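A.B. asks: Provided herewith is a single structure, encoded as structure tokens, for subsequent inquiry.
The values are calculated or read from the model by the stated rules, or taken from the named source; none is laboratory data. A quick note: this is a predicted structure, and the numbers were derived from the prediction, not measured. Every residue, glycine as well, gets a Cβ built from its backbone with ideal geometry; the counts of neighbours run over all protein chains shown. Accessible surface is based on the protein model in full, side chains and every heavy atom, while ligands, DNA and RNA are left aside. Shrake-Rupley method; radii C 1.70, N 1.55, O 1.52, S 1.80 Å.
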Amino acid sequence: MVATPKKIVISGYYGFRNSGDEAVLQSILIALQKQSRALGISIEPIVLSIDPEWTSATYGVKSVHRMKLVEVRQAIYESAGLISGGGSLLQDVTGSKSIPYYLGIIKLAQWMGRPTFIYAQGIGPVNRKLFHPLIKSVFRKCTYISVRDEQSRELLLSMGLEQKNVEVVPDPVMGLSLPEDTDASTQSSELSNSLPVIGISVRYWEQDRRELETLAQGLIKANRKIPLHLRFLPFHTPSDNEASRYVMDMLKGSITEHGGQVSICEEAIHPQQMLREVGQCDVLIGMRLHSLIYAAGRRVPLIGISYDPKIDHFLDRIQCHPVGATNTLDAEHVAAEIVHLLNTGQEWRTAREDVISKLIQEAGAPARQIIEYFHHKG
């Protein structure tokens, strides 16, 4: 007799076409499938999404609308448990509604007596102190808590949670791989020439756009030393597409007149498509956290531009430093770092192979804990 699959609801910032968050979801789904197969139990993920039809079509899983409370409540009621994460869900920098929403979903599951699991979340910044006791009270009732960096754990401890209850694990996306049937040598048609490829993931951040203007100057300076193919990789559509084109407009003829090339990849919506694009770069410059995580996972030398502590935390884990912050970026420094990494790429990879391999291996820890919990429950 075949056991009925255990339904597990997954809550996060899904369906918004943000490549980083979609990569988190893809990574969690892959890790859960891998661990459930290993222990011989069957699971059925149900994803809370802003666009359930798109999420179902993209990942082949059931999905319900994250803002339709009746559907969410029914999905949780029929489930064996709820996963919250990963990503930066519990922060109030982008607005005051995120924390109440995600805590509310967890609380709903707890009211129904379902086990709740925090999956490799980045906690904070939480500037509104009134949220601290709320986070503590909800997390105290969670079956398992994992966070993606030491700073998130410290923040939870400062709210009064006990240390033994919080596990620090890598971002789930460290475990993302290309499909097994993928030919790794398949290249984008736009990457067929012999120029070194510099992947660039930018976003709007500073009001005066100074960081993007400085980056453009740095790219122009680097291209004068070594002709480059500057390949823009928007991670969050449509805003990153606009930010990419903002920089591209400033490059205009300056790149081509010195033998370089500029292109943009706007068709890589699925996380594994974008992972393949990043893997074809010789160096990656990233503002988006997951562009840097993709690069590390594919062993592409990377240059991080800091706009948020999560960038610094990740770079620190792989023994890197940001090239600068958005408000202090220096064009000469950017250009010098590009040229340096192009010349020393293999040394960069060799120096970090052990730490990156360890992070990839550890990225599956939350899925293993969750599946083992259901395995023991029978």
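A.B. asks: So what is the 222 nm mean residue ellipticity for the chain from helices alone, if each DSSP H run of at least 4 adds -39500 (n - 2.57) and you divide by all residues, rounding to the nearest 500 deg cm²/dmol?
C.D. replies: Helix-only estimate at 222 nm: -14500 deg cm²/dmol.
A.B. asks: Right, here's the next one. Residues with beta-carbon under 11 Å from that of GLN110, excluding GLN110: net charge, scoring Lys, Arg +1 and Asp, Glu -1?
C.D. replies: Result for the neighbourhood of GLN110: +4.
A.B. asks: If you don't mind, there's one more thing I want to ask. If the cut-off is a Cα-Cα distance under 29 Å, which lysines reach LYS252, setting aside same-chain residues fewer than 8 apart in sequence?
C.D. replies: LYS221, LYS225
A.B. asks: Does the stretch 227-302 come out rounded, prolate or oblate by the C-alpha gyration tensor, with a ≥ b ≥ c the root eigenvalues, rounded set by a/c under 1.5 and, if not, prolate when a/b is larger than b/c and oblate if not?
C.D. replies: Verdict is oblate for the stretch 227-302.
A.B. asks: Just to verify a number: FRET efficiency for GLN361 and LYS252, C-beta to C-beta distance, R0 = 41 Å, to 0.05?
C.D. replies: 0.35
A.B. asks: Follow-up. Students often forget the sequence filter, so: which lysines lie under 16 Å Cα-Cα from LYS136 once same-chain residues fewer than 8 apart are removed?
C.D. replies: Result set, ordered by chain and number: LYS107, LYS164.
A.B. asks: Next question, about the same structure. Can you pull a Stokes-Einstein diffusion coefficient for the stretch 6-169 at 37 °C (0.692 mPa s), Rh from Kirkwood over Cα pairs, as a whole number of µm²/s?
C.D. replies: Calculated translational D: 207 µm²/s.
A.B. asks: In debye to the nearest 20, how big a dipole does the stretch 249-322 give about its Cα centre with +1 on each Lys and Arg Cβ and -1 on each Asp and Glu Cβ?
C.D. replies: 280
A.B. asks: Fully extended, how many nm does the chain gain between ASP330 and ARG73 (0.36 nm per residue separation, minus their Cα-Cα distance)?
C.D. replies: 87.5 nm
A.B. asks: Then there is this: Treating the beta-carbon of each Lys and Arg as +1 and of each Asp and Glu as -1, no other charges, what is the dipole magnitude of the stretch 197-358 about its Cα centre, to the nearest 20 debye?
C.D. replies: Rounded to the nearest 20 debye, it is 340 debye.
A.B. asks: Rounded to the nearest 0.05, what FRET efficiency do ASP51 and GLU162 give with R0 = 41 Å and r taken as the Cβ-Cβ distance? Could you check?
C.D. replies: That gives a FRET efficiency of 0.60.
A.B. asks: Right, another one. Place a +1 charge on the Cβ of each Lys and Arg in the chain and a -1 charge on the Cβ of each Asp and Glu, then give the dipole magnitude about the Cα centre in debye, rounded to the nearest 20.
C.D. replies: 1360
A.B. asks: Rg/Rh for the stretch 197-358: what does it come to with C-alpha atoms and Rh from Kirkwood?
C.D. replies: Looking at the stretch 197-358, the ratio lands at 0.93.
A.B. asks: On the accessible surface of the chain, probed at 1.4 Å, how many percent belong to carbon and sulfur atoms?
C.D. replies: Taking all protein chains in place, the chain shows 50 percent carbon and sulfur surface.
A.B. asks: How many angstrom lie between the C-alpha centres of the stretch 268-302 and the stretch 323-378?
C.D. replies: One Cα centre to the other: 10 Å.
A.B. asks: For a quick check, take a GNM of the chain with Cα springs below 10 Å and name the residue from THR350, THR116, THR58 with the largest mean-square fluctuation.
C.D. replies: THR350
A.B. asks: Can you give the accessible area per residue of the chain, in Å², using a 1.4 Å probe?
C.D. replies: Result: 43 Å² of accessible area for each residue.
A.B. asks: Give me the one-decimal Kirkwood hydrodynamic radius in Å for the stretch 302-358, with the sum taken over alpha-carbon pairs.
C.D. replies: 12.1
A.B. asks: Right, next: Around VAL262, which amide H atoms from residues at least 5 apart in sequence, or from another chain, sit under 5 Å from its own amide H, with H modelled in the peptide plane?
C.D. replies: LEU230
A.B. asks: Ok, one more. What is the mean projected area of the alpha carbon convex hull for the chain, to one decimal in square nanometres?
C.D. replies: The orientation-averaged projected area of the Cα hull of the chain comes to 18.9 nm².
A.B. asks: Full extension from TRP111 to THR237: what is 0.36 nm times the residue separation minus their Cα-Cα distance, to one decimal in nm?
C.D. replies: Working it through step by step, the gained length comes to 41.8 nm.
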